[in-house]
1. Which one of B:Leu123, B:Leu156, B:Leu101 is under 23 Å from A:Phe166 (Cα atoms) and modelled with pLDDT of 90 or more?
2. Name every residue in the range A:214-253 that is within 14 Å of another protein chain (Cβ to nearest Cβ) and not in a helix (DSSP H, G or I), in order of residue number.
3. How many residues are hydrophobic (A, V, I, L, M, F, W, C) and within 22 Å of A:Ser179 (Cβ to Cβ) when one looks only at the range A:85-143?
4. May I ask you to say which residue of A:Ile158, A:Ile189 is over 20 Å from B:Arg104 (Cβ atoms) and surrounded by fewer than 20 Cβ atoms within 10 Å (Cβ to Cβ)?
5. Condition test on A:Ser183, is it small (Gly, Ala, Ser) and under 15 Å from the mean Cα position of the chain (by Cα)?
6. Please pick out the residue among A:Tyr168, A:Tyr117 that is surrounded by fewer than 17 Cβ atoms within 10 Å (Cβ to Cβ) and either small (Gly, Ala, Ser) or more than 20 Å from A:Gly237 (Cα to Cα) (or both).
7. Being away from chain B (no Cβ under 14 Å), under 29 Å from B:Ala89 (Cβ atoms) and either of a type outside the set (D, E, K, R) or assigned to a helix (DSSP H, G or I) (or both) is the requirement here; does A:Ile142 meet it?
Amino acid sequence: MSEYFSEKRKLRKYAWFLAYLLAYILIFEFLIPPGRILPGPSLVLESFPSLQMHYGFLKNALYTTSGIYLSMVLAYGLIWLFRVWVTGLLLRAKDFLESIRLFRYLTAISFITIYIYWFPVSNLSEILFTFLLALGYLLNVISRDLGKVKRSYIEPFIALKKEDSFLYKNIYWQSVKPSLFSSLQRLNIRLWSIVLFFEYVKAYMGIGNIYRLALSFNDISGLVAISVLSGLIIALGEYVLKLLKRKVITWEI
Amino acid sequence: MAENDFILKAEKISKRYISPAGALSIIGETGFEVLKGELLTILGPPASGKSTLLKILAGIETPDSGSVTYGQFQEVKTDAAFIPSEPSALPWLSVEENIRLGMRAGQEQDTETVRKFTQAVGLNGYEKHIPANKSTGFRFRIALARAMAMEPKLILMDDPLRELLPERKMDYYKLIRQIMSKGDFGVLWATTDITGAMLISDRILLQEQKSGRIVREFHPAKRSTAGIPVDDEFFGMRAEIELFFYS
């Protein structure tokens with residue numbers, strides 16, 4: 001029954017998307033003079049080939065995409081490799097982590113500009129930046145969810161006097177895995193937003209840098225075309241992460 | 001009674017919590033023994049400190065004062081296995097893996113032992129099933145098999161069947177008595193279920209809500225193979241316990 005309703009909801013979502021698309025075509029192709037607010041769909045379609053010609057879109061898209069997903073894989077892999085230590089450390093360092101959360105009032109621009117000031121412009125520095133963001137985000141998710149692990153899962157093993165490392169690996173880590181995988185989907189969107197902004201400010205390479213160039217040329221149809229293509233890449237990334245979660249996580253806490 | 005007949009001896013256990021309103025006594029000096037092969041029930045109204053007492057005995061919480069001693073036997077055994085009030089079967093592991101996780105290091109690969117315990121709790125054929133979305137009863141069976149696989153001297157049960165309907169509970173009461181007849185461990189059960197306690201316990205200790213102390217001891221009628229006689233004596237004892245509960 002619930003599957004039926006979720007299918008229906010999905011269909012409604014697609015119907016709304018088609019309605020938005022149709023409205024966009026009607027308004028900006030036929031009603032409003034082109035270029036005033038948004039370019040007409042025909043202009044955007046014409047811009048796709050020129051994105052590659054004028055801005056080298058493919059190379060830049062590959063640069064940003066590989067940087068983001070490589071960083072995510074590295075961050076998750078590192079946490080997985082040291083999961084026993086990470087779990088133990090995060091459980092013991094609650095006060096320290098609370099104090100770090102005070103920095104949330106500093107906006108992304110503060111970190112981006114200071115980071116660019118510290119590190120020279122290079123591919124590696126961008127990957128390191130994205131990796132640190134992903135690592136920090138995932139550690140924050142784990143630390144938050146460790147507090148929610150059910151006592152009823154832990155207590156039988158404390159009674160058996162199992163070692164802490166046993167609890168960290170077999171109970172705590174497994175308990176936070178579902179929300180960790182869900183958080184990868186949120187991380188996907190957040191990383192894209194921050195990394196594009198980072199590239200925009202850094203003015204070196206990547207989709208963010210193309211945004212900056214297109215804006216400097218007042219290329220509104222180019223801007224819309226970049227948005228559509230990067231949106232598609234982000235959606236594809238989210239779809240893959242969702243599939244991965246469905247394959248790996250078969251339980252909910 | 002010989003010195004080594006007890007599985008567990010709790011002496012003068014007390015526990016207080018500090019709340020904003022001041023120190024709150026959960027368990028006031030209390031003590032008792034659990035004997036070999038015995039099913040001892042601690043019966044008390046909600047919030048009388050039963051769970052805290054069980055957690056102290058399991059080594060999960062530490063008492064403010066008093067001591068917990070487990071009897072010394074020839075066989076190498078785990079002191080106590082603890083079954084919490086909420087389902088404790090891990091939803092990311094199969095029935096079989098849940099049981100293995102509780103086994104002693106080096107024994108986890110012993111398929112025969114796993115099969116023995118799944119059979120004992122009526123889960124044979126379900127070894128590969130995942131407990132997520134299964135009933136409370138199913139998850140209780142896993143918790144029970146895992147507890148037994150630890151080869152404990154004592155199984156501490158913190159009312160894991162409280163969510164079940166009374167008619168469903170009977171099946172599990174029978175199961176507990178059945179596995180006890182085959183093993184040489186004791187069971188200490190904390191519950192609010194008066195009828196259940198009278199039907200399966202060898203001894204009942206009443207825990208008072210206000211002081212958290214054990215204040216009375218009851219000995220339900222001797223069990224026969226046909227079960228326990230539900231007669232005037234049974235109802236008389238039940239009325240006495242109810243009076244204590246609701247007064």
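1. Details: B:Leu123 fails: under 23 Å from A:Phe166 (Cα atoms); B:Leu101 fails: modelled with pLDDT of 90 or more.
Among B:Leu123, B:Leu156, B:Leu101, only B:Leu156 is under 23 Å from A:Phe166 (Cα atoms) and modelled with pLDDT of 90 or more.
2. Result: A:Ile249, A:Thr250, A:Trp251, A:Glu252, A:Ile253.
3. Here is the first cut: in the range A:85-143, the ones hydrophobic (A, V, I, L, M, F, W, C) are A:85-86, A:89-91, A:93, A:96-97, A:100, A:102-103, A:106, A:108-109, A:111-112, A:114, A:116, A:118-119, A:121, A:124, A:127-129, A:131-135, A:138-139, A:141-142.
From the residues that got through so far, the ones that are within 22 Å of A:Ser179 (Cβ to Cβ) too are A:85-86, A:89-91, A:93, A:96-97, A:100, A:131-135, A:138-139, A:141-142.
So the count comes out to 18.
4. Values: A:Ile158 fails: over 20 Å from B:Arg104 (Cβ atoms).
Among A:Ile158, A:Ile189, only A:Ile189 is over 20 Å from B:Arg104 (Cβ atoms) and surrounded by fewer than 20 Cβ atoms within 10 Å (Cβ to Cβ).
5. On the way: small (Gly, Ala, Ser): yes; under 15 Å from the mean Cα position of the chain (by Cα): yes.
Judged against the criteria, A:Ser183 is a match.
6. On the way: A:Tyr168 fails: surrounded by fewer than 17 Cβ atoms within 10 Å (Cβ to Cβ).
None of the others qualify; the one that does is A:Tyr117.
7. Numbers: away from chain B (no Cβ under 14 Å): yes; under 29 Å from B:Ala89 (Cβ atoms): yes; either of a type outside the set (D, E, K, R) or assigned to a helix (DSSP H, G or I) (or both): yes.
Here the answer is yes, as A:Ile142 does meet what is asked.
This table checks each residue for (1) in the same structural domain as A:Asn188 (by TED's automatic domain parsing); (2) touching a helix residue (DSSP H, G or I) at 6+ places or on another chain (Cβ under 6 Å); (3) assigned to a helix (DSSP H, G or I).
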residue: A:Leu21; (1), (2), (3): no, no, yes
residue: A:Leu26; (1), (2), (3): no, no, yes
residue: A:Pro39; (1), (2), (3): no, yes, no
residue: A:Asn60; (1), (2), (3): yes, yes, yes
residue: A:Leu90; (1), (2), (3): yes, yes, yes
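The values are calculated or read from the model by the stated rules, or taken from the named source; none is laboratory data. Note that the structure is a prediction, hence the values are computed from the model and not measured. In this analysis, Cβ positions are derived from the backbone assuming ideal geometry, glycine residues included, and neighbour counts consider all displayed protein chains.
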